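In what follows, a single structure is set out as structure tokens and then discussed.
Bear in mind these aren't lab numbers, they're just calculated from the coordinates by the rules spelled out. Please read these numbers as outputs of a predicted model, since none were measured by experiment. Methodologically, a virtual Cβ is constructed for each residue, glycine included, from the backbone with ideal geometry; neighbour enumeration extends over all protein chains shown.
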Amino acid sequence: IGPDFIHSVEQVESTEQEQKSVKDALISAYEKNISTRLKAELCNSDVNSGMNAKEPSARNDKSEQWCTSWWHQFKVLLQRGVRERRYEAFNRLRIFQVISVAVLGGLLWWHTPASHISDRIALLFFFSVFWGFYPLYNAVFTFPQERRILIKERSSGMYRLSSYFLARTFGDLPLELALPTAFVFIIYWMGGLKPDPVTFILSLLVVLYNVLVSQSLGLAIGAILMDVKQATTLASVTTLVFLIAGGYYVQQIPAFIVWLKYLSYSYYCYKLLLGVQYKEDDYYECSKGVWCRVGDLPAIKSMGLSHMWIDVSIMALMLVGYRLIAYMALHRVRL
């Protein structure tokens, strides 16, 4: 450490400039003298070993010289991703977190009577909220944490971005859908919802559908910002807006801001869960000896139980759209 602070700062800056100039010189020397010959040797060795490869001389763009097929890259990345993330997805803390929330929720809504329809509606909204936000916060960290590895491996020409992204997408499916399935199995029957196997399976599918959409939004936010703090902040604001506009807390939203609820996937999940459990012409005991129509209940009347396939289609557009945004954002990452 130099005795003079200014002198030490200047010394550090000059050292950084020297390191940067050395690094640039090494990169340019590699590209001019070694890169083409090395890739040609690797590709030739892969062809000789029976792999499906193309000679780099057949392509003009160096970034498109792939020594392995897209399918081979996808398989290797898928196997690596599953092996790496299975411990993260099924660690004891996450399992304890999900199972404890499911058991606690099941005890709070223990065998809710059919006449307590407001409590049952609250349970369905809890489904849409918990599995709308929990996967999102987990997915936000994905690409910012893998940024350095992605840059390093793609800079060396290991694989295409499409093979990496699709391997990540398909590899996450069994890992991300196992815990929601266990959650619904526990709390659905403890909460005393409609004891019908078809209704249960449809409710489970809606929840899993919601998990995929929320995870897609988390991946998009993380890929766009590529910074954990900024992505977490944006995710917090987004989930708060979706929570308020989900159709449970505020049933009569002012006309100038009503469009917010149509951006919320929690709104569509909540509506689909209501449509699975109830029909507008069903009846419940609203007071002793008095039966009321489900469609006339204000909480359900404001949501509506018709046009369910439109809601499914909108969530499908969100699922595909958020994933495409994440994929395009990863193209912006400088190698």
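One table, with the values for the structure above:
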| read-out | value |
| --- | --- |
| Extension gain, Gln251 back to Leu208 (0.36 nm per residue minus Cα-Cα distance, nm) | 13.0 nm |
| Label-point separation, Ala114 to Lys75 (7 Å along Cα→Cβ), nm | 5.4 |
| Paramagnetic label zone (point 7 Å from Cα along Cα-to-C-beta, Ser236; backbone N under 19 Å) in segment 115-132 | 130, 132 |
| Distance between modelled label sites at Asp24 and Val258, nm, 7 Å Cα→Cβ extension | 5.9 |
| Packing-based order for 169-177, 187-195, using average beta carbon neighbours within 10 Å, highest first | 187-195, 169-177 |
| Linear extension gain, Ala316 paired with Val198, 0.36 nm per residue minus alpha-carbon span | 40.3 nm |
| Rg over Rh [alpha-carbon atoms, Kirkwood Rh] for segment 70-332 | 1.02 |
| Computed lengthening from Arg148 to Trp291, 0.36 nm per intervening residue step minus Cα-Cα distance | 45.3 nm |
| In degrees, nearest ten, helix 161-190 long axis to first principal axis of the chain (Cα) | 30 |
| Folded to 0 to 90 degrees: helix 308-331 orientation relative to the chain principal axis, Cα | 20 |
| Whole-Å semi-axes of segment 209-282's equivalent ellipsoid (Cα gyration tensor) | 27, 16, 8 |
| Sequence-distant residues sharing a close amide H with Tyr283 (under 5 Å, placed H) | Val294 |
| Helix-only mean residue ellipticity at 222 nm for the chain, each DSSP H run of n ≥ 4 adding -39500 (n - 2.57), per residue, nearest 500 | -23500 deg cm²/dmol |
| Lys, Arg +1 and Asp, Glu -1 on Cβ, resulting dipole of the chain about Cα centre, debye, nearest 20 | 480 |
| Folded to 0 to 90 degrees: helix 5-29 orientation relative to the chain principal axis, Cα | 80 |
| Distance between modelled label sites at Met158 and Ala182, nm, 7 Å Cα→Cβ extension | 3.0 |
| Relative contact order (%) - criterion: Cα under 8 Å, at least six apart; region: segment 70-332 | 26 |
